[in-house]
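Remarks on the structure that follows.
The values are calculated or read from the model by the stated rules, or taken from the named source; none is laboratory data. What you see is a predicted model, and the numbers here were worked out from it, not measured in a lab. Here the Cβ positions follow ideal geometry from the backbone for every residue, glycine too, while neighbour counts run over all protein chains shown. Just the protein is used for accessible areas: all its heavy atoms, side chains included, with ligands, DNA and RNA removed. Shrake-Rupley method; radii C 1.70, N 1.55, O 1.52, S 1.80 Å.
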Amino acid sequence: MPGVYAPQSDTLMLAAALRREGLVPGMDVLEVCSGSGALAVLAARAGAAVTAVDVGRRAVLSARINALLARRRVTVRRGDLFAAVPDRSFDLVFCNPPYVPAPGESPPDRGAARAWDAGRDGRALVDRVCAGVAPRLRPHGVLLMVHSGLCAAEETLLRLEEAGLRAQVTDRARIPFGPVLRSRLPWLRRRGLVRPDEETEELVVIRGEKR
């Protein structure tokens with residue numbers, strides 16, 4: 001659907017991480033920043049009870065349509081991250097948030113770029129997930145999150161540890177710069193986020209387990 005983030009390399013990495021977690025029937029699962037709902041449907045295929053949340057109207061509609069087409073039950077809610085599920089906890093939370101550094105001071109509140117732009121350091125949404133996920137996890141519950149190395153995996157690990165999770169990078173991959181990054185390479189290089197000779201972006205999957 002136009003205006004909704006299409007599944008890409010980061011989606012595939014997060015899908016592989018989800019499969020390794022051993023999703024089983026009856027597991028309560030939450031996806032925030034759900035976009036098209038492709039990963040929510042994947043979790044539902046394994047029998048998990050899935051709630052998917054996104055702030056965008058088009059994303060919510062897309063996730064509902066894709067769940068219907070797949071004949072899988074997914075509860076889809078429109079809301080701002082965990083505010084959509086204020087009194088619930090889950091066995092697993094997973095997330096592919098906007099993480100691309102952008103010249104604007106804060107993320108856009110409308111338009112297609114809302115799906116990837118995340119402030120000048122790319123951490124506007126990542127930091128909010130780190131700060132808010134612990135109360136949404138049951139004891140030994142797991143967070144899986146994918147983001148770019150451009151927004152500092154080490155910072156994410158530190159913030160999750162401070163929030164009470166044991167955190168580690170479980171997957172790394174390098175992919176060619178996509179259209180968005182290529183369009184702002186001069187700015188990224190001026191900021192020192194990309195080396196002059198660099199032509200690929202590192203993606204990481206981070207796993208945090210609640211103590």
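All other residues whose Cβ lies under 10 angstrom from that of Asp171 are scored, Lys and Arg at +1 and Asp and Glu at -1, for a net of +3.
Near Pro25: Cβ cut-off under 13 Å, other residues only, Lys/Arg at +1 and Asp/Glu at -1. The net charge is +1. For a quick check, take a GNM of the chain with Cα springs below 10 Å and name the residue from Ser34, Ser62, Ser183 with the largest mean-square fluctuation. Between Ser34, Ser62, Ser183, it is Ser183 that shows the largest mean-square fluctuation. In this structure region 111-211 gives 48 Å² per residue of accessible area when probed at 1.4 Å with all protein chains present. Gyration tensor analysis over the Cα atoms of the chain returns equivalent ellipsoid semi-axes of 26, 20, 16 Å (largest first, whole Å).
Its alpha carbons considered, region 134-211 gives a radius of gyration followed by a Dmax of 15.0, 45 Å. For the chain, adding -39500 (n - 2.57) for each run of n ≥ 4 DSSP H residues and dividing by the number of residues yields -8500 deg cm²/dmol at 222 nm. Here's the picture: charge each Lys and Arg Cβ at +1 and each Asp and Glu Cβ at -1 in the chain, and of Gly47, Gln168, Cys95 the one pushed furthest to the positive end of that dipole is Gly47. By the gyration tensor of its Cα atoms, with a ≥ b ≥ c the square roots of the eigenvalues, what is the shape of region 41-157: rounded for a/c under 1.5, prolate for a/b over b/c, or oblate? Here region 41-157 falls in the oblate category. Convex hull volume per residue, computed on the Cα atoms of region 1-99, equals 87 Å³.
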